[in-house]
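Here the structure is laid out as structure tokens; the discussion comes afterwards.
The values are calculated or read from the model by the stated rules, or taken from the named source; none is laboratory data. If you're wondering where the values come from, they're calculated on a predicted model, not measured in any experiment. Cβ placement follows ideal geometry from the backbone for every residue including glycine, while neighbour counts extend to all protein chains displayed. For accessibility, only protein heavy atoms count, side chains too; no ligands or nucleic acids. Shrake-Rupley method; radii C 1.70, N 1.55, O 1.52, S 1.80 Å.
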Amino acid sequence: MKNKKYIRKKAKVYTAESLIEGIKSGNFTALSKAITLCESKKPSDRDMASTIVSACMQIENNSIRIGITGVPGVGKSSFIESFGLHLIQAEGKKVAVLAIDPSSERTKGSILGDKTRMNKLSIHPNAFIRPSPTSGSLGGVAHASRESILLCEAAGFDVVIVETVGVGQSETEVRQMTDFFLLLMLAGAGDELQGIKRGIMEMADGLLINKADGDNLKAAQLAMREYRNALHLFPKAKSGWTTQVGLCSALENTNMDVAWNMISAYEKHSKSNGYFLTNRKDQLDSWFQKSIEEILHQKLFENEKIKADYHFFSNKVISGSLSPYDAAKQLLDGFL
Ligand code: GDP
């Protein structure tokens, strides 16, 4: 008699159709599997991912996409844990959390990837948490994240939180795929406006000063007033919305309702003036443009002649005998 221990289960075969059905019925395994396809580098996975994403795009939903950023240590994971649980328990929402780290291609995975994050939220049946992809997908990390958002919405998640994990570029990327952009900040020692790039503050629809607890509460209140004053000097946003400033403590779980009220007020405002929909359409259009660039870039460097000519022109550029622009033009003339 065969020992049961050695009988290997046949790996389950998923088809695009079975995954679409699974996602529609809110099955987490199907959702995870489909996101993995979106993140894959294999062209055959990519084809399957495209079929699934196209089908999921047709499914009606009423979601809100929230981007969250802030310097490492500001309390993003702690905030998402408290806020996510608040949304589920007090607002009856289903919450998906995606992390995006465009730098992961270089660092080979997020530094925070191994950290135990969002313990309570991650085991809640109404929450789905997906860490950032460990390497660049075919079409880029941001592309995979955009697709993952659509899949989560098709699976019935009405709040999709996208957290920036990487530094630098990721804020802009996340801004371009969400409806509301929330910046978490810390109260500094007198020089509150230091250390945070002005550009990031200009992108924010909401600003929350976290760790407003204990001895830090007074400094946080002061910082809130200073930010409110500083924001008056900023140009008016296209949405017509004035950036709101509030306080919270992810640790003590305070003001999670303030955070949600801010986002709900924005949603109401931007839906009533039409900006919500216009912004989503603009985001789709910019995704389309980025996809053209990605595909062109990929096809270009798959081309044998380009691969060979690249080094020839690169050497000319480095040695100073050809300008980078002229070299690029001559290289591409051979392709186009
Ligand atoms: P992230 O790097 O932005 O994701 O930040 P974490 O959520 O990992 O938090 C960094 C540190 O700040 C941890 O030690 C948290 O316990 C602590 N922390 C987070 N939120 C609060 C808060 O509201 N108050 C206080 N006092 N500490 C906090």
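Miscellaneous remarks
- Only one of the numbered conditions (1) open to solvent by 50 Å² or more (accessible area, probe 1.4 Å); (2) at pLDDT below 95; (3) not aliphatic (A, V, I, L, M) is not met by Asn27, and that is (2).
- Selection status of Gln244, closer than 30 Å to Leu331 by Cβ, touching a Gly at 6+ places or on another chain (Cβ under 9 Å) and open to solvent by less than 80 Å² (accessible area, probe 1.4 Å): no
- Unmet requirement for Gly199, which otherwise passes all of (1) assigned to a helix (DSSP H, G or I); (2) within 27 Å of Asn253 (Cβ to Cβ); (3) away from the ligand (no atom under 16 Å from the Cβ); (4) modelled with pLDDT under 85: (2)
- Region 259-273 - residue that is without any contact (Cβ under 8 Å) to a residue 24 or more places away in the chain and not basic (Lys, Arg) and, of those, farthest from the ligand (Cβ to nearest atom): Ser272
- Qualifying residue in region 123-134 (condition: in contact with a helix residue (DSSP H, G or I) (Cβ under 7 Å, 6 or more places away or on another chain), at pLDDT 90 or above, under 25 Å from Trp241 (Cα atoms) and buried (at least 23 other Cβ atoms within 10 Å of the Cβ)): no
- Filter result (part of a helix (DSSP H, G or I), within 16 Å of the ligand (Cβ to nearest atom) and of a type outside the set (D, E, K, R)) within region 231-258: Met256, Val258
- If you go through region 22-40 and keep only what is within 19 Å of the chain's Cα centre (by Cα) and not in a helix (DSSP H, G or I), you end up with just Ser40.
- Pairs with Cβ under 6 Å, 6+ apart, first in region 69-87 and among the β-branched types (Val, Ile, Thr) and in a loop (DSSP other than H, G, I, E, B), second open to solvent by less than 20 Å² (accessible area, probe 1.4 Å) and near the ligand (Cβ under 6 Å from one of its atoms): Val74/Asn210
- Among the residues of region 291-336, those that are among the β-branched types (Val, Ile, Thr) and touching a helix residue (DSSP H, G or I) at 6+ places or on another chain (Cβ under 9 Å) comprise Ile306, Val317.
- Contact map, region 212-228: first residue crowded, with 16+ Cβ neighbours inside 10 Å, second residue in a helix (DSSP H, G or I), Cβ cut-off under 6 Å, separation 6 or more or different chains; pairs are Ala212/Ala220.
- Identity of the residue in region 274-297, under 16 Å from Ile66 (Cα atoms) and in contact (Cβ under 8 Å) with a residue 40 or more places away in the chain, that ends up most open to solvent (accessible area, probe 1.4 Å): Arg280
- Being among the small types (Gly, Ala, Ser), surrounded by fewer than 12 Cβ atoms within 10 Å (Cβ to Cβ) and part of a helix (DSSP H, G or I) is a property that Ala308 has.
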